[in-house]
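Asker: Quick one: the structure is below, questions incoming.
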Amino acid sequence: MNELSLRYSDERDKTYGIAGMAITLVACDGEKYLAGIHLDAEPGECVVMTHDYGFKGNPRMSAKIVWNQTLNDLRTSTSMVLGNIACRRYVLGGRAMSESDTAGIRRAVRTEGAEHCSLDTDEADALFDSCLGYVHRIFTHSGIHSIARGFADRLADRRSMTAAEAVEILAQLGLR
């Protein structure tokens, strides 16, 4: 895995990565899980999710409901990480994501999928490929580039946003 591809090179790179995660989350109808965004937080802590994201349920919930929620959370997390990289590559860098950008994420999905959802390698790869294809379609759409730039600029100015503010800004920029 190309470890450097997952690290931010500077603040501008970080704002585009966060913009990619926010755009992907909204595009995947997952904005209900967004609690806030904080540019000055440590990487990995910039996008804050609600307390019920990743919540494994309670003993009174059926195993199927818990499994479906866990699988959905894995799909959402995978898409957000891929959205982070895609926005930085396609929008900021003007180039496509490479296999070295995504190989480590694929391995992580295999591990997490096996551990938390009992997915075999083929099932985990299918989930990863589905997320990658969706994120690729999002960030190769030319209209998304102006949305990503606008959101990254506003994030750089504001430094922090609530979930409602982030969703509203994305809507104002044209992401519905």
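Asker: Starting with the highest mean, order 10-17, 110-117 by the number of other Cβ atoms within 10 Å, averaged over the residues of each peptide.
Answerer: 10-17, 110-117
Asker: Still on this structure, please answer the following. Return the lysines within reach of residue 64: Cα separation strictly under 25 angstrom, same-chain partners fewer than 8 residues apart disregarded; answer none if there are no such residues.
Answerer: Hits, sequence-local ones excluded: 32, 56.
Asker: Magnitude of the Cβ-charge dipole of the chain, K/R +1 and D/E -1, about the Cα centre, nearest 20 debye?
Answerer: Around 320 debye, computed over the chain.
Asker: Ok, one more. How far apart, in nm, are the 7 Å Cα→Cβ label points at residue 130 and residue 48?
Answerer: 3.1
Asker: Kindly provide the helix-only [θ] at 222 nm of the chain, computed as the sum of -39,500 (n - 2.57) over DSSP H runs of four or more divided by all residues, to the nearest 500 deg cm²/dmol?
Answerer: Numbers: 6 runs with 107 residues, N = 176.
Mean residue ellipticity, 222 nm, calculated: -20500 deg cm²/dmol.
Asker: Long-range amide H contacts for residue 34: which residues qualify at under 5 Å (H placed 1.01 Å from N, peptide plane, sequence gap of 5 or more or a different chain)?
Answerer: Those lying under 5 Å, H to H, from residue 34 are 50.
Asker: Separate question: Carbon and sulfur atoms: what percent of the 1.4 Å accessible area of the chain do they account for?
Answerer: Carbon and sulfur: 51 percent of the exposed surface of the chain.
Asker: Tell me, what is the per residue accessible area of the chain in Å², probe radius 1.4 Å?
Answerer: Using a 1.4 Å probe on heavy atoms only, each residue of the chain averages 51 Å².
Asker: May I ask for the angle, rounded to the nearest 10°, between helix 11-27 and the longest principal axis of the chain, with both axes built from Cα atoms and the value confined to 0 to 90°?
Answerer: 50
Asker: Here's another thing I want to ask about it. Return the ratio Rg/(2.2 N^0.38 Å) for the chain, where Rg is computed over Cα atoms only.
Answerer: Details: Rg = 15.9 Å, N = 176, 2.2 N^0.38 = 15.7 Å.
This ratio for the chain stands at 1.01.
Asker: Further question: Looking only at region 112-126, which residues have a backbone nitrogen under 19 Å from a spot 7 Å from the Cα of residue 64 in the C-beta direction?
Answerer: Once the point is set 7 Å along Cα→Cβ of residue 64, 117-119 turn out to lie under 19 Å by backbone N, inside region 112-126.
Asker: Quickly rank 93-101, 45-53 as a protection proxy: mean count of other C-beta atoms within 10 Å, highest first.
Answerer: Put in order of decreasing packing, that is 45-53, 93-101.
The values are calculated or read from the model by the stated rules, or taken from the named source; none is laboratory data. This is a predicted model, so every value here is computed, not measured. Backbone-built Cβ (ideal geometry, glycine too); neighbour counts: all protein chains shown. The accessibility values were calculated without ligands, DNA or RNA, using every heavy atom of the protein model including side chains. Shrake-Rupley method; radii C 1.70, N 1.55, O 1.52, S 1.80 Å.
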